[in-house]
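Trainee: Take this structure first; my questions come after.
Derivation of every value follows stated rules applied to the coordinates shown; laboratory data play no part. For clarity, every value in this text was computed on a predicted model and none was experimentally measured. Reconstructed Cβ throughout: ideal geometry from the backbone, glycine too, with neighbour counts over all protein chains shown.
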Amino acid sequence: MTSPTPAPPAEPCGCPEFSRVSRRGLLRGALAAGAGLSTATAFGTAFVETSYAATRSAPAVLVVLSMRGAVDGMSLVVPHGDPVYASARPGIAVPSAQLLAKDGFFGLHPNLAPLLPLWNGGRMAAVHATGLPAPNRSHFSAMEEVEDAAPGSTTRTGWLNRLIGRDTYTSPLQAVQLGSANPPTSLSGPQQSVAIERIADMRLSGADKWDPEGRRPRSMRTTWASASGPLGAGARAAMAAIADFAPVKATSTTPANGASYPDGDFGRAMAATARTIRGDVGAEVITVDFGSWDHHVDLGTLEWGAMQRMTSELADVLAAFFTDLGALADKVTVVALSEFGRRVKQNANYGLDHGWGNVMLLLGAGVKGGYHGTWPGLVNDVNADLTVTTDYRSVLAEVVVKRMAASSATVFPGFTPETVGVMA
């Protein structure tokens, strides 16, 4: 294994399309979700005087972690038993001898070590060779396909929006995006939700210490109380959500149980996720983005490059998250996925180009730990992909049925899932 001095990549995100995709992809989600989704950030500073119906408690929480940019799943969960893996990647393959939780075929990247307690406790699983039913190497198009989860149909709502729309409960806090005020496409649709970068952003602008008499909240209530149409409904929903979010804002900003998150956007978003769960305001679905994993250049080795650095951050943050949750982890399931995987064969820049199949990681409540999925075998060719043997919706269907008591047909219309066996 060689360890050359890496040159700085020409583009931080690896390819021009990915540098544009978040803005384009999330724009549709924001527009489709309607006013209720985006007004929380538009209104700004705490709106605490409005009295609304109390939110319900969430008996189970699904945290969806989008590893945007298409992580190389064969670096995270290494198929060391396939001889093509090492021969196709002479400069970047993870050495078999250094893998963790190794069985006769798979092993974990060494930098996932902070997650070994979860793995060894049977609370972490990997489902390999998952993905869309047909290859799609466009970040923008594949993200939309994955988050609509209705490929080949005319459905233009996100699967998480369909999930929270399965019953008559309509609080915007039922689904919350943290770490970004741009909601993902998976939340787009008729059901209201909330997207905020930080917990402190859930506030009404102008309702602050310079407004001790509360004129700003009263003005807003008067203005929007009888306004008709989607804008009026969205404004009222946003004000209700701000009020109902107060228990979350009242939680301590110090992580519990001695947890310590690495500094960075991902760590801050997951710390906010733990606070939101602890606040118990009925958030059944929480979405968080962590990218960019688009490593065309300098994916690297165990000694240098983006993969080892980002894998460490991924593991450190998730380990801190479960430590922070403590007993609350018994109702929280985390699912991590990407829009597609990377090519089998490394390129000339110590990186990997866009591919097809990938690994999905599941952690927490209800997870049947270990390696799952059907391995298709690798081909050492410049255009070879990891072939998908498990439609990613089959994995998600097990989660929503067994953890969220939802109907697979409602969340994934027209799709018949196969049994994966990753959820108890």
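Trainee: Take THR419, project a point 7 Å from its Cα along the Cβ direction, then tell me which residues of the stretch 360-384 have their backbone nitrogen under 16 Å from it.
Mentor: So the set is 368, 372-374.
Trainee: How tilted is helix 392-402 with respect to the longest principal axis of the chain? Cα atoms for both, answer in degrees (0 to 90, nearest 10).
Mentor: 50 degrees
Trainee: Here's something else I'd like to know. Using only the alpha-carbon atoms, how far is helix 16-33 inclined from the longest principal axis of the chain? Give it as 0 to 90 degrees, nearest 10.
Mentor: For helix 16-33, the angle is close to 30 degrees.
Trainee: Could you work out how much longer the chain between ASN383 and ARG215 gets when fully extended? Use 0.36 nm per residue separation minus the Cα distance between them, nm to one decimal. Let's see the in-between values first.
Mentor: Details: separation 168, 0.36 × 168 = 60.48 nm, distance 6.34 nm.
Additional length available on full extension: 54.1 nm.
Trainee: Hey, what angle do you get for helix 265-279 against the long axis of the chain, alpha-carbon based, 0 to 90 degrees rounded to 10?
Mentor: The helix 265-279 is inclined about 50 degrees to the chain.
Trainee: Semi-axes, largest first, in whole Å: what does sqrt of 5 times each Cα gyration tensor eigenvalue give for the chain?
Mentor: 38, 22, 21
Trainee: Turning to a different aspect of this structure: Can you give the net charge of the other residues whose Cβ lies under 10 Å from the Cβ of GLU197, counting K and R as +1 and D and E as -1?
Mentor: 0
Trainee: For LYS249, list the lysines whose Cα falls under 22 Å from its own Cα; do not include residues on the same chain fewer than 8 positions away.
Mentor: Leaving aside lysines fewer than 8 places away in the same chain, those within reach of LYS249 are LYS209, LYS331.
Trainee: So what does log10 I(q)/I(0) come out to for the stretch 313-390 at q = 0.16, 0.21, 0.26 Å⁻¹, using the Debye formula with one equal point on every Cα and no solvent?
Mentor: -0.75, -0.98, -1.20
Trainee: What net charge is computed for the residues neighbouring ASP330, neighbours being all others with C-beta under 12 Å from the C-beta of ASP330, Lys and Arg scored +1, Asp and Glu -1? Present the calculation step by step, with values, prior to reporting the outcome.
Mentor: On the way: positive: ARG123, LYS331, ARG403; negative: none.
Here the charged neighbours net out to +3.
Trainee: Here is a follow-up. How far, in nm, would the chain grow between ASP167 and SER205 when pulled straight, counting 0.36 nm per residue and subtracting the alpha carbon separation?
Mentor: Net length gain for the segment: 10.5 nm.
Trainee: Counting only GluC sites (Glu not before Pro) that are in a DSSP loop and have at most 16 other C-beta atoms within 10 Å, tell me the longest site-free stretch of the chain. Kindly include the intermediate steps, with their values, before the conclusion.
Mentor: On the way: sites that count: GLU49, GLU213, GLU303, GLU418.
Between exposed loop sites, the widest span is 50-212.
Trainee: Of all beta bridges DSSP finds with both residues in the chain, what is the antiparallel percent, to the nearest 5? Could you put the intermediate results ahead of the total?
Mentor: On the way: 16 of 39 bridges.
Taking every DSSP beta bridge within the chain, about 40 percent pair in antiparallel fashion.
Trainee: Report, in deg cm²/dmol and to the nearest 500, the calculated mean residue ellipticity at 222 nm for the chain, where each DSSP H run with n ≥ 4 adds -39500 (n - 2.57) and the sum is divided by the residue count.
Mentor: After summing the helix terms and dividing by the residues of the chain, the value is -9500 deg cm²/dmol.
Trainee: State the Cα centre-to-centre distance between the stretch 161-201 and the stretch 315-340 in whole Å.
Mentor: Using only Cα atoms to place each centre, the spacing works out to 19 Å.
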